[in-house]
Amino acid sequence: MNVFIPLGALALVCGGLMLVTGIRRHKAQHPKHVAMLIAGMMLTAFGLLLAGFAIAWQAAAPPDVNAGAAK
């Protein structure tokens, strides 16, 4: 298993927790809570992309670089 899949899942969970915390405390309109919203969205998206691309990379067939004829 690729190391990027659990890393992406961890980033996804941490980002989701930051996002939920930022949403629940956003009523106070503090810059800290707005920063938590932004960071949570960015970390969630990063974790989703990291895990998704790692899964796609593992599932893809290896490229056949010797298939082309040399001219």
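The values are calculated or read from the model by the stated rules, or taken from the named source; none is laboratory data. Everything quoted here is computed from the prediction, not taken from an experiment. We place every Cβ from the backbone using ideal geometry, glycine too, and count neighbours over all the protein chains shown.
Tabulated data for the structure shown
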| item | result |
| --- | --- |
| Some residue of segment 1-13 being out of contact with any strand residue (DSSP E or B) (no Cβ under 8 Å at 6 or more places or on another chain), at pLDDT 90 or above and outside any helix (DSSP H, G or I) | yes |
| Every residue from segment 13-71 that is farther than 23 Å from V3 by Cβ and among the β-branched types (V, I, T) | V20, T21, I23, V34, I38, V65 |
| The listed residue being on the phi < 0 side of the Ramachandran plot and surrounded by fewer than 14 Cβ atoms within 10 Å (Cβ to Cβ), out of L49, L43 | L49 |
| Hey, A67 aliphatic (A, V, I, L, M) and outside any helix (DSSP H, G or I) or not | yes |
